Structure formats: structure tokens, C-alpha cells
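> Take this structure first; my questions come after.
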Amino acid sequence: MRTRQRLHALVSLFLPLAGTLLTLARLFTQGLLAADLGLLVLMYTVTMTGVDVGYHRLFSHRSFKARSSLRALLAVCGSMAAQGPPIYWASNHRLHHARSDTEDDLHSPHVNGEGQRRGRLAGLWHSHAGWMFGHTPANPIRLAKDLLRDTTLTRINQLYYLWVMLGLLLPTALGGLLAGTWQGAWSGFLWGGLARMFFVQHATFSGNSLCHFFGSRPHRTGDWSTNNLWLVIPTFGGAMHNNHHAFPSSAFVGSRWWHFDLGGGLIRLFAKLGLASGIKVPSPEARLLLATDSRDTAGP
């Protein structure tokens, strides 16, 4: 089990890295084509929507209700990011919120499993990706019974590797069709497939690492979660992490226009299309209760 876990972590981390390095090498020799950039942006948007709106706000926190067709689509799009099956991801994330920055947190940059303080660099590495090589997965029977009862989601969960492959095949096929050559297909595989996977992964992982170290803390949350405006756009709003930890069941993480809550905007769009309902937001009283004037990165 542990060997398989480490092998999965190695492949899911270093294959996209290798693809990204190869993409950058080709960039210097062949330049940037509009089709390549378009495929990168398109597939990034699709898979980050699946992770941020689907895996995170819908499945992990139940911050809104979605039509069955939208639930299934978000689960598939999130799976294409290669960050694990949806029920596994949601279970781990629920445990993180329940034990944030304690010895029971899967990926705290501050405290290890014995409750001892981590060094800064070691903590950042562990919380960003190192935890994937040796963690004990959260128990979905205890933490995600509601998701296990969803037969469609369970089936999508079982076919996880199929969706990962689909996330690589789609940009490959689109690249080939746009260019009309095998070279275009290879370019689509690199840009919309592996490089996109790399950028989505590390944007998501930054919530566990950088957004528990650097930024402001406008709410008293009892952990080291921070808002990091530098990462807001690539995370679709997820980098407003202190806001999220203050109100985890809220569908929206931005409280100002410059917070660029792209995920929240998509939820509003889904609601207008009749695909989403039951959208949760914190009351003004709750916001006032947790408000603080602190803007430093000190812990609780």
C-alpha cells in the first residue's frame, strides 16, 4: 500500500514536471503558438473549475446544490487534474479543516504528526507535496458518507484513471485537429495536457503551503490560514484561504471586488442557468464575530 502510494505520488508529480520542462524547451526553440496557449488556458479553466468549484466547494463543503448532470461533470473535470478521486480528495480536505494546523492535519506546514514545530522550508515542502508520499488517507466512511451514498459519484470515483487519461487525450486530439498534423497533437498533449496538469496541481497545492504562511489574516480562525492576493486568479479565488477557513461552507470566498472570486462567479452563473441552488453565504453577524484587525502571518 505504501509503495503504491509513493509510486502514485512520484508519477503524478514528476510526469507533469517533465512535460512542463519539455514544453519550455520547445518554447525557446519553436516559439509560442496561439493554439498552444489556447489549449493551455482552456484545459486549465476546465480542470481548475472541477477542482475548485466541484471537488472543493461542492463535494467537500456542500456550499451549494447542483443538478445531477453538473455534479457529474464537475467530478469528471476535477478528476482530470490528477489530484486523486473526488471522494478521496474531499475526505482528506474535510479532515484538514477539522484538524487544521494540528498534529492530525495531513499537510500542515507548521506542525508534524508528533505536534512538534516544523522548520520553514521543510514545512513548506511537506504541505505543498511531501505529504503525498507518506500520509494515511482520511477515512471516507467516517468523513464522506454523503458522497459514498451518491452512486453516480461513486462510479466516477472508481473510473478515476480513465478521466485522468481523458484530460490528456482531449487536448491531444484538439491540437491535432487544429494543426492537422501529428506535431500539433504532440504540442496539444504537452501544453493542454502535462503542462496544464502541472500548473493546476501547484496552484491547488499552494493553498496548503503558501496560504498557510504568507498573507493577511482578517479573520480569527484558530490556525495559520492566510489570504494571498498574488495567487487569487490562478486558484480561482481559493487563495482567499483565511476567508475560506473562517466560513468553509460559504460558496463565496471573496468579500471585495478585487478578491477575484472566479469560482464564486461560476456558481452564480450555474444558478442563473438553473443548474445550482441552495447557495450558502455567511450572515453579517457571523462575519463580524470572526473579524479582526490583524494583517500579520502569526499563528493562533
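> Quick check on this structure: which one of 189, 213 is over 29 Å from residue 119 (Cβ atoms) and not small (Gly, Ala, Ser)?
189
> Additional query: Pick from 173, 122: which is in a helix (DSSP H, G or I) and within 27 Å of residue 19 (Cβ to Cβ)?
173
> Can you tell me which condition residue 106 does not meet? The list is (1) of a type in the set (A, V, I, L, M, F, W, C); (2) closer than 26 Å to residue 73 by Cβ; (3) assigned to a loop (DSSP other than H, G, I, E, B), and all the others hold.
(2)
> Let me ask something else. If I filter the stretch 186-204 for residues that are polar (S, T, N, Q), under 16 Å from the mean Cα position of the chain (by Cα) and not in a helix (DSSP H, G or I), do I get at least one hit? Steps first, please.
Taking the stretch 186-204 as the starting set, the residues that turn out to be polar (S, T, N, Q) are 187, 201, 204.
Remaining after also requiring under 16 Å from the mean Cα position of the chain (by Cα): 201, 204.
Okay, now just the ones that are also not in a helix (DSSP H, G or I), so none.
Within the stretch 186-204, not a single residue is polar (S, T, N, Q), under 16 Å from the mean Cα position of the chain (by Cα) and not in a helix (DSSP H, G or I).
> If only one of 184, 193, 180 is surrounded by 15 or more Cβ atoms within 10 Å (Cβ to Cβ) and either out of contact with any helix residue (DSSP H, G or I) (no Cβ under 9 Å at 6 or more places or on another chain) or modelled with pLDDT under 95 (or both), which one is it? Working first, answer last.
Working: 193 fails: either out of contact with any helix residue (DSSP H, G or I) (no Cβ under 9 Å at 6 or more places or on another chain) or modelled with pLDDT under 95 (or both); 180 fails: surrounded by 15 or more Cβ atoms within 10 Å (Cβ to Cβ).
From the options 184, 193, 180, the qualifying one is 184.
> State yes or no: is residue 71 assigned to a helix (DSSP H, G or I), charged (D, E, K, R), within 17 Å of the chain's Cα centre (by Cα) and over 28 Å from residue 119 (Cβ atoms)?
On the way: assigned to a helix (DSSP H, G or I): yes; charged (D, E, K, R): yes; within 17 Å of the chain's Cα centre (by Cα): yes; over 28 Å from residue 119 (Cβ atoms): yes.
Considered against the rule, which asks whether it is assigned to a helix (DSSP H, G or I), charged (D, E, K, R), within 17 Å of the chain's Cα centre (by Cα) and over 28 Å from residue 119 (Cβ atoms), residue 71 comes out as yes.
> Kindly list, by first and then second residue, each pair from a residue in the stretch 212-234 that is closer than 19 Å to residue 252 by Cβ to a residue that is aromatic (Phe, Trp, Tyr) and modelled with pLDDT of 95 or more, limited to pairs with Cβ atoms under 9 Å and residues at least 6 apart or on different chains.
234/44; 234/199
> Right, another one. Answer yes if at least one residue in the stretch 188-196 is out of contact with any Phe, Trp or Tyr (no Cβ under 7 Å at 6 or more places or on another chain) and of a type in the set (D, E, K, R), and no otherwise.
Within the stretch 188-196, not a single residue is out of contact with any Phe, Trp or Tyr (no Cβ under 7 Å at 6 or more places or on another chain) and of a type in the set (D, E, K, R).
> Of the residues that sit in the stretch 205-224 and are within 12 Å of the chain's Cα centre (by Cα) and buried (at least 22 other Cβ atoms within 10 Å of the Cβ), which one is nearest to residue 175 (Cα to Cα)?
206
> Here's another thing I want to ask about it. Restricting attention to the stretch 87-103, and to residues there that are within 20 Å of the chain's Cα centre (by Cα) and outside any helix (DSSP H, G or I), which single residue is nearest to residue 148 (Cα to Cα)? Write out each step before concluding.
Taking the stretch 87-103 as the starting set, the residues that turn out to be within 20 Å of the chain's Cα centre (by Cα) are 87-101.
The next check asks that each one be outside any helix (DSSP H, G or I); those that pass are 99-101.
Values: 99: 22, 100: 24, 101: 27 Å.
In this case the residue turns out to be 99.
> Just one of 235, 221, 292 is at pLDDT 95 or above and of a type in the set (Ser, Thr, Tyr); which is it?
Going through 235, 221, 292 in turn, just one is at pLDDT 95 or above and of a type in the set (Ser, Thr, Tyr): 235.
> Of the residues that sit in the stretch 256-277 and are free of Cβ contacts under 8 Å to residues at least 60 places away in the same chain and touching a strand residue (DSSP E or B) at 6+ places or on another chain (Cβ under 8 Å), which one is surrounded by the fewest Cβ atoms within 10 Å (Cβ to Cβ)?
Here the residue is 259.
> May I pose another question? Condition first: under 27 Å from residue 196 (Cα atoms) and surrounded by fewer than 16 Cβ atoms within 10 Å (Cβ to Cβ). Can you find one or more residues in the stretch 127-134 that meet it?
Within the stretch 127-134, one or more residues are under 27 Å from residue 196 (Cα atoms) and surrounded by fewer than 16 Cβ atoms within 10 Å (Cβ to Cβ).
> While we're here: Across the stretch 225-250, which residue is nearest to residue 43 (Cα to Cα) among those that are among the aliphatic types (A, V, I, L, M) and surrounded by 24 or more Cβ atoms within 10 Å (Cβ to Cβ)? First the steps, then the outcome.
Kept after step one, since they are among the aliphatic types (A, V, I, L, M), are these residues of the stretch 225-250: 229, 231-233, 239-240, 246.
Now narrow it down to the ones that are surrounded by 24 or more Cβ atoms within 10 Å (Cβ to Cβ): 239-240, 246.
On the way: 239: 20, 240: 23, 246: 30 Å.
So the residue we want is 239.
> Name the pairs whose Cβ atoms lie under 9 Å apart, with the first residue in the stretch 170-198 and basic (Lys, Arg), the second part of a helix (DSSP H, G or I) and surrounded by fewer than 19 Cβ atoms within 10 Å (Cβ to Cβ), and 6 or more positions between them or separate chains?
Taking only residues 6 or more apart or on different chains, the pairs are 196/41; 196/42.
The values are calculated or read from the model by the stated rules, or taken from the named source; none is laboratory data. The model shown is predicted, which means the values in this text are computed figures rather than measured ones. For neighbour counting, all protein chains shown are included, and Cβ atoms are generated from backbone atoms with ideal geometry for every residue, glycine included.
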